[in-house]
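J.: The structure under discussion is supplied below as structure tokens; questions concerning it will follow.
Bear in mind that the values in this text are calculations on the coordinates, not laboratory data. In this text, all values refer to a predicted model and were calculated from it rather than measured experimentally. Backbone-built Cβ (ideal geometry, glycine too); neighbour counts: all protein chains shown.
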Amino acid sequence: MEQKLYHYRESGLDNVYIAGIDPVQNDAGEMVITIPYINKLLKAIAQAIISHKKGMSGAELRYLRTGMELTQAELAVLVHKDKQTIGRWERGETEMDGTTEAFIRRLAIEKLGLKVDLGMEELARRSVATAETQAIRLNFANDNYHLLDEAA
């Protein structure tokens, strides 16, 4: 039996799906979704983005940047670009170069305290622009979020 996936758009990303979250009936009789341990979920999404087999999207870059509590201008200083370039990357107007993306992935691992066992060499290999959407499929079980598969 295949698990039903909840399309979690509340993150600002269109590619996040969660299994193991069941709707419950509220006092008004409506079916609602309650997301437990939201901070764990936000961290799991960041970890999935870092672990992508190919390059991240502009929306995913924005997700990581805001998670690291950096403005576009602050990130621009760290990657030696101007803030307009960061904005263009986030809007998908231009592609980010692989070296910069690998650096941003590494920075996110450090700033967000992620448990990602990928060295700089592997991060660089994965930081290749792609037009395909990479789904982030998470499973909620035992009070934690885990990748459902290795598609991320």
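J.: Could I have the simple spin-label model distance between residue 115 and residue 9, label points 7 Å from Cα toward Cβ, reported in nm to one decimal?
T.: 3.3 nm
J.: With θ set to phi - 60° and the Karplus curve 6.51 cos²θ - 1.76 cosθ + 1.60, what are the ³J(HN,Hα) couplings of region 41-55 in order, to the nearest whole Hz, using x for Gly and Pro?
T.: For region 41-55, the Karplus curve yields 5, 4, 5, 5, 5, 4, 4, 5, 4, 4, 7, 3, 6, 10, x Hz.
J.: What does the C-alpha gyration tensor say about the overall shape of region 71-131? Classify as rounded when a/c is under 1.5, otherwise prolate if a/b is larger than b/c, or oblate. All intermediate terms of the calculation are to be shown ahead of the outcome.
T.: Details: a/c = 2.19, a/b = 1.35, b/c = 1.62.
Oblate is the answer for region 71-131, as a/c is 1.5 or above yet b/c matches or exceeds a/b.
J.: Separate question: On a C-alpha basis, how far is the centre of region 134-149 from the centre of region 37-114 in Å? Whole number, if you could?
T.: Cα centroid of region 134-149 versus Cα centroid of region 37-114: 20 Å apart.
J.: Sticking with this structure for a sec: Each residue of region 26-39 in turn: what ³J(HN,Hα) in whole Hz from Karplus with 6.51, -1.76, 1.60 and θ = phi - 60°, glycine and Pro shown as x?
T.: Going residue by residue, I get 8, 4, 8, x, 8, 7, 10, 9, 10, 9, x, 6, 4, 5 Hz, with x marking Gly and Pro.
J.: What is the helix-to-structure angle for 98-112, meaning the angle in degrees between its Cα long axis and the longest Cα principal axis of the chain, kept from 0 to 90 and rounded to the nearest 10?
T.: 50 degrees
J.: Also, quick follow-up: In region 57-106, which GluC sites (Glu not before Pro) fall in coil by DSSP and have 11 or fewer other Cβ atoms within 10 Å?
T.: Working: sites: 60, 69, 74, 90, 93, 95, 101; in loops: 69, 93, 95.
Here the GluC sites (Glu not before Pro) that fit, given the DSSP loop and packing criteria, are 69, 93.
J.: Could I ask something else about it? Quick one: go through region 113-152 and flag any residue whose amide nitrogen is under 17 Å from the point 7 Å out along the Cα-to-Cβ line of residue 94.
T.: Under 17 Å, as judged by backbone N against the label point of residue 94, lie 129-130 of region 113-152.
J.: Amide H neighbours of residue 136 under 5 Å, at least 5 residues apart or on other chains, H built in the peptide plane: list them.
T.: Sorted by chain and number, the residues that satisfy this are 16, 17.
J.: Percent antiparallel among DSSP beta bridges with both residues in region 5-147, to the nearest 5? Please list the in-between numbers first.
T.: On the way: 9 of 13 bridges.
Bridges in region 5-147 are about 70 percent antiparallel.
J.: Determine the shape class of region 35-82: with a ≥ b ≥ c the square roots of the Cα gyration tensor eigenvalues, call it rounded for a/c under 1.5, and otherwise prolate if a/b is greater than b/c, oblate otherwise. Please report the intermediate quantities before stating the final value.
T.: Details: a/c = 3.03, a/b = 1.57, b/c = 1.93.
Taking the square roots of the gyration eigenvalues as a ≥ b ≥ c, region 35-82 is oblate.
J.: If R0 is 25 Å, what FRET efficiency do you get for residue 135 and residue 35 from their C-beta distance, rounded to 0.05?
T.: Numbers: r = 18 Å, r/R0 = 0.72.
Efficiency, rounded to the nearest 0.05: 0.85.
J.: What lysines could a cross-link reach from residue 115, if we take a straight Cα to Cα line under 17 Å and drop same-chain neighbours fewer than 8 places away?
T.: 40, 43, 53
J.: Which value at 222 nm does the chain reach when only helices count, each DSSP H run of 4 or more adding -39,500 (n - 2.57), with the total divided by all residues and rounded to the nearest 500 deg cm²/dmol? Present the calculation step by step, with values, prior to reporting the outcome.
T.: Numbers: 6 runs with 62 residues, N = 152.
About -12000 deg cm²/dmol.
J.: Compute the angle between helix 58-67 and the longest alpha-carbon principal axis of the chain, please, reported from 0 to 90 degrees and rounded to the nearest 10.
T.: 80 degrees
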